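Just below is one structure, and these are the notes that go with it.
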Amino acid sequence: MLFALIFTVSISIFLSVLSSSIIWKYASHSWHGFITSGSMAVVGILMMLIFDLWNPDFLTLSAYVLLLYGLCVSYFFIQLIVVLKITKQRRLTDVNL
């Protein structure tokens, strides 16, 4: 379980910082990059709230925690994909202008 926690935290930080650096490279305002970094706190709070408020009977505790960790990492992968698509569109429109 400790390995899963360390893996989740390190991958989430890496993906969030990568998304932020891509945004900082192509965004017109520097504060746009803080949106992806700030979402780490929001996702962490949501994970804790879900863990406290909803306890499914059909999952063991370790499976439930691993599911939450997987959802957290999935969120940051989706965030990176969205950032890449937005910056790709921005680069294409900048080239066409």
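Rule-based calculations on the coordinates, nothing more; no lab input. Just so we're clear, the structure is a prediction, and the values are computed from it rather than from any experiment. Here the Cβ is made from the backbone with ideal geometry for all residues, glycine too, and neighbour counts use every protein chain on show.
Here are the numbers:
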item: Residues of region 14-45 with amide N under 15 Å of the 7 Å Cα→Cβ point at THR93; result: 26-29
item: Distance between modelled label sites at PHE77 and PHE51, nm, 7 Å Cα→Cβ extension; result: 2.1
item: Highest-MSF residue in the chain out of LEU68, LEU59, LEU18 [GNM, Cα springs under 10 Å]; result: LEU59
item: Stokes-Einstein D for the chain, Kirkwood Rh over Cα pairs, 37 °C, 0.692 mPa s (µm²/s); result: 221
item: Length-normalised contact order of the chain in % [C-alpha pairs under 8 Å, at least 6 apart]; result: 43
item: Chymotrypsin sites (Phe, Trp or Tyr not before Pro) lying in DSSP loop within the chain, provided at most 11 other Cβ fall within 10 Å; result: TRP54, PHE58
item: Hz values of 3J(HN,Hα) by residue in region 70-82 - Karplus curve (6.51, -1.76, 1.60), Gly and Pro given as x; result: x, 5, 5, 5, 4, 4, 6, 5, 5, 4, 5, 5, 5
item: Modelled FRET efficiency - R0 25 Å, ILE35 with PHE14, Cβ distances, 0.05 increments; result: 0.90
item: Those trypsin sites (Lys or Arg not before Pro) in region 10-97 that DSSP places in a loop and that have at most 13 other beta carbons within 10 Å; result: none
item: Order of MET1, MET40 - criterion: other Cβ atoms within 10 Å of each residue's Cβ, fewest first; result: MET1, MET40
item: Exposure proxy ranking, count of Cβ atoms within 10 Å, fewest first, for ILE11, ILE6; result: ILE6, ILE11
item: Ascending count of other beta-carbon atoms within 10 Å, so fewest first, for LEU15, LEU67; result: LEU67, LEU15
